[in-house]
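The values are calculated or read from the model by the stated rules, or taken from the named source; none is laboratory data. As the structure is a prediction and not an experimental result, all values here were calculated from the model. Every residue, glycine as well, gets a Cβ built from its backbone with ideal geometry; the counts of neighbours run over all protein chains shown.
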Amino acid sequence: MNKNIAVIEGDGIGPEVTKQSVNVLNAIAKKFGHKFNYSYCLLGADAIDKTGSPLPAETIEICLESDAILFGAIGHPKYDNDPTLKIRPEQGLLGLRKALELFANIRPINTYQSLLHLSPLKIKIIENVDFIIFRELTGGIYFGKKEINSDGTIASDECIYSKMEIERIAHLAFQSAQQRRKKLTLVDKANVLETSRLWRKVVQEISSQYKNVELNFLYVDNAAMQIILNPKQFDIILTENMFGDIISDEASVISGSIGLLPSASIGNKNALFEPIHGSYPQATGKDIANPIGSILSSAMLLEYFGLIEESSLVKKSVQWTLENKFVTKDIDSINFSSTSTIGKLIVDFIEK
Ligand code: IPM
Ligand code: MN
């Protein structure tokens, strides 16, 4: 198989973790006789420094033409504490998601036997947890009209959703539930928000096409609590953009570290694969960041290409390192390996 992959290393630890993923993809290509061609492009703070724009036109062009996009991380502290800035790194990622209509962000949450004892949560609560968050990614409060009055004392962010935007991700979520334990939980705030009531109505309508899937509803405040109290109850969680952003960071505590979690952002024509963590500026260049979120994102990329055996091998290799207690500092602050060592162990496992 011959595929073109756009690679966006981005900011902070993005380049270090993405490098490990590219090594992993190369090891897979070699073993299975594929050819992956990489086109590197700029996004975020890195792109602002080099071009003045967080999302250069060339990046959009390369991504549109590619078969898939591998993305690292975005964000830089020099933009974090100045709310008056007009140009910000995050605009790059949000703009790219919108430009490519990557409307469904898929975030699997599961546990690893060897990491259970490292979680701040009790083992009996988290063992065998296995659910997927379907987060809407191109609508809602993230993309509604943003306003501030002339003297800078009143601001607003509009939250807006259309039936179409809800339907297209709901279908993907129901289809995924059908392949799994056939349970879908819609997380919303329908007791307060009009948009949430639209979500409930549309999702309820669609559910008649998926009669074998049990549909439940949870308010987001209760969902935040249930994810910690009893995460095993979930199979597929479907939710809007901002709720999905928040509960997925929360859910990462179940796996052991946000550094472990991958995601796929899917549109009708394009797909981008990104760890759910941020740019982790304090760790930049230190070779301590966890590359597994990125490497598992590559596994999702391979699956998207239909390369199931290849994807399984990447996941198996990751599992092997974790089971043998080869982990980065975010997971075990005493006995830890470097970013590049973990990457190399995974490559070696694939090769042998
Ligand atoms: C994520 C991130 C982004 C988001 C930021 C960097 C804009 O937190 O992918 O979860 O809020 O979507
Ligand atoms: Mn987030």
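For the reader, a short list of remarks on this structure follows.
- Within the stretch 327-346, considering residues that are of a type in the set (A, V, I, L, M, F, W, C) and surrounded by fewer than 19 Cβ atoms within 10 Å (Cβ to Cβ), the one farthest from Ser298 (Cα to Cα): Ile334
- Single residue of the stretch 189-205 satisfying the filter (closer than 17 Å to Gln175 by Cβ and within 25 Å of the chain's Cα centre (by Cα)) that is surrounded by the most Cβ atoms within 10 Å (Cβ to Cβ): Val203
- Within the stretch 70-90, the set of residues being within 15 Å of ligand 2 (Cβ to nearest atom), over 17 Å from the mean Cα position of the chain (by Cα) and either of a type in the set (A, V, I, L, M, F, W, C) or not in a loop (DSSP other than H, G, I, E, B) (or both) comprises Asp80 only.
- Pick from the stretch 224-242, criterion away from ligand 2 (no atom under 16 Å from the Cβ) and part of a helix (DSSP H, G or I), ranking: surrounded by the most Cβ atoms within 10 Å (Cβ to Cβ): Pro231
- Enumeration of residues in the stretch 243-281 that are away from ligand 2 (no atom under 14 Å from the Cβ) and part of a strand (DSSP E or B): Ala264, Ile266, Ala271, Leu272, Phe273
- Residue match in the stretch 89-109 (condition: on the phi < 0 side of the Ramachandran plot, free of Cβ contacts under 8 Å to residues at least 40 places away in the same chain and either out of contact with any Pro (no Cβ under 7 Å at 6 or more places or on another chain) or surrounded by 16 or more Cβ atoms within 10 Å (Cβ to Cβ) (or both)): yes
- So Leu43, is it in contact with a strand residue (DSSP E or B) (Cβ under 7 Å, 6 or more places away or on another chain), within 23 Å of Gly144 (Cβ to Cβ) and in a loop (DSSP other than H, G, I, E, B): yes
- Against the numbered list (1) under 23 Å from Lys122 (Cα atoms); (2) at pLDDT 95 or above; (3) out of contact with any Lys or Arg (no Cβ under 9 Å at 6 or more places or on another chain); (4) surrounded by fewer than 21 Cβ atoms within 10 Å (Cβ to Cβ), Gly285 comes up short only at (1).
- Ser317 being more than 23 Å from Leu100 (Cα to Cα), more than 16 Å from ligand 2 (Cβ to nearest atom) and surrounded by fewer than 21 Cβ atoms within 10 Å (Cβ to Cβ): no
- Within the stretch 198-213, the set of residues being among the aromatic types (Phe, Trp, Tyr) and closer than 19 Å to Tyr161 by Cα comprises just one member, Trp199.
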